[in-house]
Amino acid sequence: AAHSQKFADHLFRSKEFLRASIEYERTCFLDSLNWSAHLKLIESYRKSGQSQKGIDHWNNIVFKLPPEMFANFEHQKNICFFEEKP
């Protein structure tokens, strides 16, 4: 999981958001409690034009989020939501 996240972070910094989202998906699968990877996954979805996937991912994890992480995730979800609107 750590190697996948490092590679995903590299792709994200390189603005390869679609590829980064795939690596973050892998990271989240391998370590479902890696909240920073989940947050970056939602952001990668948004930046790669897949905002609906970001909203869907939010809906899958919202009840598992630690309270201190909720605001950051809600912010990303809201950005995705408003980008999906015509």
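Note on the chain: lysine pairs with Cα distance below 17 Å, sequence gap of 8 or more or different chains, count 13.
With the Kirkwood sum run over all distinct C-alpha pairs, the chain has a hydrodynamic radius of 12.5 Å. Taking Cβ atoms as reference points and 9 Å as the exclusive limit, the residues near GLN76 contribute a net charge of 0, counting Lys and Arg as +1 and Asp and Glu as -1. If you roll a 1.4 Å probe over the stretch 30-71 with all protein chains in place, what percent of the accessible area is carbon or sulfur? Roughly 56 percent of what the probe reaches on the stretch 30-71 is carbon or sulfur. How many percent of the alpha carbon pairs in the stretch 1-43 exceed a separation of 15 Å? Taking all Cα-Cα pairs of the stretch 1-43, the fraction more than 15 Å apart is 21 percent.
Considering only alpha-carbon pairs that sit under 8 angstrom and 6 or more positions apart, the relative contact order computed for the chain is 24 percent. Hydrophobic, long helices, defined as DSSP H runs whose alpha-carbon span along the helix axis is 20 Å or greater and whose mean Kyte-Doolittle value is at least -1.0, occur in the chain at 70-84.
Please compute the per residue accessible area over the chain with all protein chains in place, 1.4 Å probe, rounded to a whole number of Å². About 61 Å² of surface per residue is accessible.
The values are calculated or read from the model by the stated rules, or taken from the named source; none is laboratory data. Please read all numbers here as calculations on a predicted model, not as lab measurements. Cβ coordinates were reconstructed from backbone atoms using ideal geometry, including for glycine residues, and neighbour counts include every protein chain displayed. Ligands, DNA and RNA are stripped out before the accessible areas are found, and what is left, the full protein with its side chains, is counted by its heavy atoms. Shrake-Rupley method; radii C 1.70, N 1.55, O 1.52, S 1.80 Å.
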